[in-house]
Amino acid sequence: MSTRTPFIAGNWKLNLSGEEGIALVQALAKPAAVSRAEVAVFPTALALQAVAKAAAGSRIGVGGQNCHWEEKGAFTGEVSASLLKAAGARYVILGHSERRQFFGETDQTVNRKLTAVLAQGLVPIVCIGETLAERDGGKLEEVLSRQVRGACAGLSATQLGTLVIAYEPIWAIGTGRTATTQQAQDAHAFVRSQVHALFGGLADRVRIQYGGSVKPDNAKELLAQPDVDGALVGGASLKAGDFGAIIAAA
Ligand code: 13P
C-alpha cells in the first residue's frame, strides 16, 4: 500500500438541491465507518455554499464541478475559482468527460482552468479517460498522454503540488460497466509514468482516482491496486449508504 492518502470524491453532477445535499452530508458526517480516506463531495454550484456550511467541522470537504478560467468579467453564466473558494470550496473538478462531450471542454481550456484553480490554492481533480473506440483502436496511451500533457502544459511540479488526476474510462461512466482491476491498474500506472516523465518526483505524490461505476461491491478490489489512490464516484455518491460503504472500503 502506498503512503498516499486515499481520496474518495462524490461528484453529484446535476443532482440534489441544497436541502437534499445538506441531508446527505449530515448522514455521511455521522461517525459510521472508520476510514483513513480524505472525503469530498461536489454539489452543483448553486448548492455548494449551503452544503459547505453543513459540512464545516466534519471530515467532508466540498468542491466545485467546474469553473471558468477568468476571475471575473463579462462571462455570462460562469463561476470563477475565487467565487467557489469564497463559497467554501476546497477542490474543483476539471475536464470531466461530460464537460468535454457536451460543453466543448478541451485540453486547452482545462489547462487554463487548472492554472486559475491552482492560483486560488484550491485542489484540482483533472479528469482524463478514453472512449471505447479509442481503447479498442489501441489509442489508450496516446489519449491519456495527450490529456495529461495538455492539462499541465506550462505548469511546474511546484505549482502542481496538490494535483489529483481522475482516470475515468468514458465507457464505464454511468453504464454499470467497470474497468477490470487490471485495466484500472495498468492505466493508472501509465498515467503515473507520464507524470514522472514530465515532473519527476511529483509522480509519487500525485493521487490518481479511478472513476466509472464505482459501487460498494467493486470499490475494495479497485482501491487495493497499488496505483489506485481513491475514487471519483457518480451515481453511488448520491446515497449515504453506498457512498459510506465506498469510503469504508478505502
Ligand atoms: P458513475 O459513478 O455514475 O459511473 O459516474 C462516474 C463519474 O463520472 C464521476 O465523475
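Where a number appears in this text, it was derived from the coordinates with a stated rule and is not lab data. Note that the coordinates shown come from a computational prediction; the quantities given were computed from them, not determined experimentally. Positions of Cβ are generated from backbone atoms using ideal geometry, with glycine treated the same way; all protein chains shown enter the neighbour counts.
Brief remarks on what is shown
- Computed from the Kirkwood radius of its Cα pairs, the Stokes-Einstein diffusion coefficient for the stretch 1-69 at 25 °C and 0.890 mPa s stands at 195 µm²/s.
- The alpha carbon radius of gyration of the stretch 96-223, expressed as a multiple of 2.2 N^0.38 Å, is 1.02.
- Relative contact order of the chain, defined on C-alpha pairs under 8 angstrom at six or more residues apart (%): 22 percent
- By the count of other C-beta atoms within 10 Å, a proxy for reagent exposure, VAL62, VAL123, VAL191 are ordered fewest to most as VAL123, VAL191, VAL62.
- Here the extension length gained between ASN15 and ALA27 equals 2.6 nm, from 0.36 nm per residue of separation less the Cα-Cα distance.
- Counting 0.36 nm for each residue step from GLU141 to LYS53 and taking away their Cα separation leaves a gain of 27.6 nm.
- By the Cα gyration tensor, the stretch 175-250 has an equivalent ellipsoid whose semi-axes, rounded to whole angstrom, run 24, 12, 10 from largest to smallest.
- Contact order normalised by residue count of the stretch 1-139, Cα under 8 Å, 6+ apart, percent: 19 percent
- Segment LYS72-LEU155, extension gain: residue separation times 0.36 nm, minus the distance between their alpha carbons: 27.7 nm
- Helix-derived mean residue ellipticity, 222 nm - over the chain, DSSP H n ≥ 4, -39500 (n - 2.57), to 500: -12500 deg cm²/dmol
- Note on LEU132/PHE103: beta-carbon distance plugged into 1/(1 + (r/R0)^6) with R0 of 30 Å gives a FRET efficiency of 0.90.
- Residue by residue, the stretch 68-79 carries 3J(HN,Hα) couplings of 8, 7, 8, 7, 7, x, 7, 9, 3, x, 9, 10 Hz when phi is fed to the Karplus relation 6.51 cos²θ - 1.76 cosθ + 1.60 (θ = phi - 60°); x denotes Gly or Pro.
- Cβ crowding within 10 Å, taken as a proxy for footprinting-reagent exposure, orders VAL92, VAL79, VAL214 from fewest neighbours to most as VAL79, VAL92, VAL214.
- Values of log10 I(q)/I(0) for the stretch 88-146 across q = 0.15, 0.28, 0.30 Å⁻¹ run -0.50, -1.14, -1.21, by the Debye formula with one identical scatterer at each alpha carbon and no solvent.
- Calculated diffusion of the stretch 70-109, Stokes-Einstein form, Kirkwood radius summed over Cα pairs, 10 °C and 1.306 mPa s, µm²/s: 138 µm²/s
- Taking 25 °C and 0.890 mPa s as conditions, the chain diffuses translationally at an estimated 137 µm²/s according to Stokes-Einstein applied to its Kirkwood radius (Cα pairs).
- Share of Cα-Cα pairs in the stretch 115-177 lying beyond 16 Å, as whole percent: 51 percent
- Per-selection metrics, the stretch 36-173 (Cα): Rg and Dmax in Å: 15.2, 48
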